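Student: Before I ask anything, here is the structure I am working with.
The values are calculated or read from the model by the stated rules, or taken from the named source; none is laboratory data. Predicted model only: the values in this text are computed from it and were never measured. Every residue, glycine as well, gets a Cβ built from its backbone with ideal geometry; the counts of neighbours run over all protein chains shown.
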Amino acid sequence: MFQRLPTVTKALLIANGLMFLLQWVLGDALAPLMLWPVSEGGFDPFSPGQNFQVWQLLTYGFLHGDFMHLFFNMFALFMFGAPLEQTWGEKRFLTYYLVCIIGAGLCQLVVGWWTLSHGGDAYPTLGASGAVYGLLLAYGMLFPNQQIMLLFPPIPMKARTFVIVFGVIELLSGLNGWQPGVAHFAHLGGMLFGWLLIRYWRGQPPFGRRGPKPPHLRRVK
């Protein structure tokens, strides 16, 4: 089954697995690759310690807190990434995945800055969840009527409903402070930037119309 996976999906699974092994071996030495919040004093590009650096907007998405964090993100990448890559092609799929990671990171930076400016505590962020939520959104937009089976609880539902339910849960969780160790707004940021990128590719508002959208960007019933 792994051999039959599309190229980019397979490469991302391998990259995340290798980075997790490096975390296990090197421990805190990889802390500069996490996404650290921007302090009131900004950031120092020549001091790659526990402070924000530009490269962290990409590298944090290949680190994970523990094995279960890695497992669920990679399971979702396997489930949703493969059909999207087969539909879009390698280049477009990789672009989408990385844009969702960076977009999720930007949203998390805004939330972290706001939290620090109001006397709260902000912590480093890591994980591919922002990109995974972006993949989930794309799957729901392209295959809205495809049946998805939840793991907990095992309830089948349409992909479109699945996306709406998880989006609402993340929004409520972020606003109410549920699961404080989870970057809910980063998840929503991944969905937001994924939605914007698909709208851009389709030539839909707010980006204007550029003629008929390509067949591989249309909704599949």
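Student: Quick check on the stretch 88-137: of everything there that is surrounded by fewer than 18 Cβ atoms within 10 Å (Cβ to Cβ) and small (Gly, Ala, Ser), which residue is farthest from LEU192 (Cα to Cα)?
Tutor: GLY119
Student: Limited to the stretch 2-41, what total is found for residues that are closer than 17 Å to LEU84 by Cβ and part of a loop (DSSP other than H, G, I, E, B)?
Tutor: Summing the residues that are closer than 17 Å to LEU84 by Cβ and part of a loop (DSSP other than H, G, I, E, B) in the stretch 2-41 gives 3.
Student: I'm trying to understand the selection: among the residues of the stretch 111-129, which are at pLDDT 90 or above and either touching a Phe, Trp or Tyr at 6+ places or on another chain (Cβ under 6 Å) or not small (Gly, Ala, Ser) (or both)?
Tutor: Listed by number, the residues that qualify are THR125, LEU126.
Student: Could you tell me how many of the residues in the stretch 18-33 are out of contact with any helix residue (DSSP H, G or I) (no Cβ under 9 Å at 6 or more places or on another chain) and either of a type outside the set (A, V, I, L, M, F, W, C) or surrounded by 16 or more Cβ atoms within 10 Å (Cβ to Cβ) (or both)?
Tutor: Residues in the stretch 18-33 being out of contact with any helix residue (DSSP H, G or I) (no Cβ under 9 Å at 6 or more places or on another chain) and either of a type outside the set (A, V, I, L, M, F, W, C) or surrounded by 16 or more Cβ atoms within 10 Å (Cβ to Cβ) (or both): 3 in total.
Student: Yes or no: the stretch 116-132 includes at least one residue that is touching a Leu at 6+ places or on another chain (Cβ under 8 Å) and at positive phi.
Tutor: yes
Student: Restricting attention to the stretch 26-77, which residues are at pLDDT 90 or above and in contact with a Ser or Thr (Cβ under 7 Å, 6 or more places away or on another chain)?
Tutor: Within the stretch 26-77, LEU33, MET34, LEU35, TYR60, ASN73, LEU77 qualify.
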